[in-house]
Amino acid sequence: MAGEKAVFVGPRLRRLRRDLGLTQTVMAEDLGISPSYIALIERNQRPLTAKVLLKLAQIYKVDLSQFAGDGGTGVSRRLEDLLKDPLFSDLDLAPGEVSDLATGHPGLAEALVRTYRAYRDGQMALADHAGAEATADPLEETRAFLATHRNFFADLDHAAELIGRDHDDINSLIERVKSRHGFRTRRMPRDIMAGAVRRFEYHRRELLLDESLDAAATAFQIALQLVYLELGDAIDAIMKAAHFKTEDARRMTRRALAGYGAGAILMPYTSFYREAEARRYDIEALSRRFRVSFEQVAHRLTSLQKPGQEGVPFFFIRVDPAGNVSKRFDGSDYPFARQGGSCPLWSLHATFQTPGRILTQIVELPDGAQFFSVSRTVTAGGGAYGAPRAERAVALGCSIEDAARLVYSDGMDIEDPDATPIGIACRLCQRTNCVARAEPPLGRQLLGDENRRMAAPFLFGDEG
């Protein structure tokens, strides 16, 4: 319309759409315009009119101020600041180049700012490496928080149990989402989900799930949504008493607590504890009884610490084929390495050679402590041809003193076990004769002996 105020905010509209998990087609339907027009707006080839802007605010409940913008002034100022670094002193930038980039390509300008910040932070970390306090690690903060609480949160567990004991299958969970909250649940093709496995569309009153999810993953995502809808106060109460160094750690911990609540809905404490004891912690049997995955059962078993109904104190770890640790719950006093991988002699890493098969092992650390572990591969993703799939290995372990309570120890000599000597990590293990060693231990003098080549990869000067 002639005279109608319009602004060019393509990157900001695209960011909003992606944050909402919407395709251009879905947003176009909501706004009553064509998908091609949405595409033109996002490329700054068409303006965002006041009429469309008002519709955005009404439908998606967004603050209009985020579209008012500053004409790229903010990004431009940050670009100008970083260009003062001597690293760029030899560049001959023409007047207006920075503002042109910030205004015409704000997404690219923001990417450059973030890249420079990452570079700067990396340089500072290197400079501070010797003797300085380590940069806060949000993942380690979250793990420490869970360990402090022994991965058990009584009030959250109880609230989840009240939901789970009356809703023990997918259909009843779906019905609760609909009857209590007015949202219908739909399974959608992977391309429509745009990489998401769950998408909660408040304005459309829908909970959308990737149709390629298996039954266990589907149930978990529905339970997770119920946690966000109903158990927010219980999580807030836990978080209120917590102190974190970073906001990232707070967000990750909140996410971990939501996952904890979802598991507690699917595996209510009282019945799960009773079944675990009766079945002697048979993970596969428990997964079938509660219609959940092997990994979900393993997670839940680490949380059975309710006074008067304590289960076996377990530790849990999940690794990928490269040895990267993607999840860990401390328990049973197992001393996980905070950095790097674990010992290659642990059968956890051998599970990739026998996918789906359970491997048991008794291990002994350098200090003489012995643990019983149960390991197996698990698969995430997949469900359709070409769908991304990740193969990982999980291990659930306990002190050797508790091994007799596990069905997996039947037939094994746990009184005088033939334990496999392992270390926490190569850098922290002082077993000098280990042929699987990848790195020398800290604090040992290496010996270069041209006349002797031992089976172990390193020879140490203090061995004589």
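The values are calculated or read from the model by the stated rules, or taken from the named source; none is laboratory data. Everything numeric in this text was worked out from a predicted model, so none of it was measured. All Cβ positions, even for glycine, are placed from backbone atoms using ideal geometry, and neighbour counts span all protein chains on display.
Laid out as a table, the results:
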{"read-out": "Residue tally, condition in a loop (DSSP other than H, G, I, E, B) and under 21 Å from ALA390 (Cα atoms), over region 300-320", "value": "1"}
{"read-out": "Selected residue (criterion: nearest to the chain's Cα centre (by Cα)) from residues of region 198-217 that are more than 21 Å from TYR60 (Cα to Cα) and either not acidic (Asp, Glu) or not in a strand (DSSP E or B) (or both)", "value": "ALA217"}
{"read-out": "Region 416-442: number of residues that are out of contact with any helix residue (DSSP H, G or I) (no Cβ under 9 Å at 6 or more places or on another chain) and among the acidic types (Asp, Glu)", "value": "2"}
{"read-out": "Residues satisfying the stated conditions in region 15-26, i.e. assigned to a helix (DSSP H, G or I) and either within 17 Å of GLY107 (Cα to Cα) or not hydrophobic (A, V, I, L, M, F, W, C) (or both)", "value": "ARG15, LEU16, ARG17, ARG18, ASP19, GLN24, THR25"}
{"read-out": "Odd one out for ASP155 among (1) more than 26 Å from ASP210 (Cβ to Cβ); (2) touching a Ser or Thr at 6+ places or on another chain (Cβ under 7 Å); (3) of a type outside the set (S, T, N, Q); (4) at pLDDT 95 or above", "value": "(2)"}
{"read-out": "Near pairs, Cβ below 8 angstrom, 6+ apart or cross-chain, from region 159-182 (within 10 Å of ALA223 (Cβ to Cβ)) to any residue that is acidic (Asp, Glu)", "value": "ILE163/GLU230; HIS167/GLU175"}
{"read-out": "Helices (runs of 4 or more DSSP H) wholly inside region 42-112 containing at least 3 residues that are at pLDDT below 70", "value": "65-68, 73-82"}
{"read-out": "Unmet criterion (only one of (1) closer than 29 Å to GLY383 by Cα; (2) exposed (fewer than 15 other Cβ atoms within 10 Å of the Cβ)) for VAL227", "value": "(2)"}
{"read-out": "Filter result (among the acidic types (Asp, Glu) and buried (at least 18 other Cβ atoms within 10 Å of the Cβ)) within region 230-249", "value": "GLU230"}
{"read-out": "Residue in region 226-240 that is at pLDDT 95 or above and not in a helix (DSSP H, G or I) present", "value": "yes"}
{"read-out": "Residue among ARG198, ARG180 that is surrounded by fewer than 17 Cβ atoms within 10 Å (Cβ to Cβ) and modelled with pLDDT of 95 or more", "value": "ARG180"}
{"read-out": "Filtered residues of region 250-270 (kept if buried (at least 22 other Cβ atoms within 10 Å of the Cβ) and farther than 25 Å from ARG288 by Cβ)", "value": "THR253, LEU257"}
{"read-out": "Where HIS129 falls short, out of the listed (1) at pLDDT below 55; (2) surrounded by 11 or more Cβ atoms within 10 Å (Cβ to Cβ)", "value": "(2)"}
{"read-out": "Total residues in region 27-41, condition in a loop (DSSP other than H, G, I, E, B) and surrounded by 15 or more Cβ atoms within 10 Å (Cβ to Cβ)", "value": "1"}
{"read-out": "Given (1) over 21 Å from ALA215 (Cβ atoms); (2) among the charged types (D, E, K, R); (3) not assigned by TED's automatic domain parsing to the domain that holds VAL177, number of the condition ARG280 does not satisfy", "value": "(3)"}
{"read-out": "Strands (runs of 3 or more DSSP E) wholly inside region 321-430 that include at least 1 residues being modelled with pLDDT of 95 or more", "value": "359-364, 370-381, 389-399"}
{"read-out": "Test: residue in region 435-443 that is among the charged types (D, E, K, R), in contact with a Pro (Cβ under 6 Å, 6 or more places away or on another chain), without any contact (Cβ under 8 Å) to a residue 60 or more places away in the chain and at negative phi", "value": "yes"}
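To keep it simple, each residue is scored yes or no on (1) within 25 Å of GLU284 (Cα to Cα); (2) in contact with a strand residue (DSSP E or B) (Cβ under 8 Å, 6 or more places away or on another chain); (3) buried (at least 18 other Cβ atoms within 10 Å of the Cβ).
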{"position": "SER399", "(1), (2), (3)": "yes, yes, yes"}
{"position": "TYR408", "(1), (2), (3)": "yes, yes, yes"}
{"position": "ASP418", "(1), (2), (3)": "no, yes, no"}
{"position": "GLN430", "(1), (2), (3)": "no, no, no"}
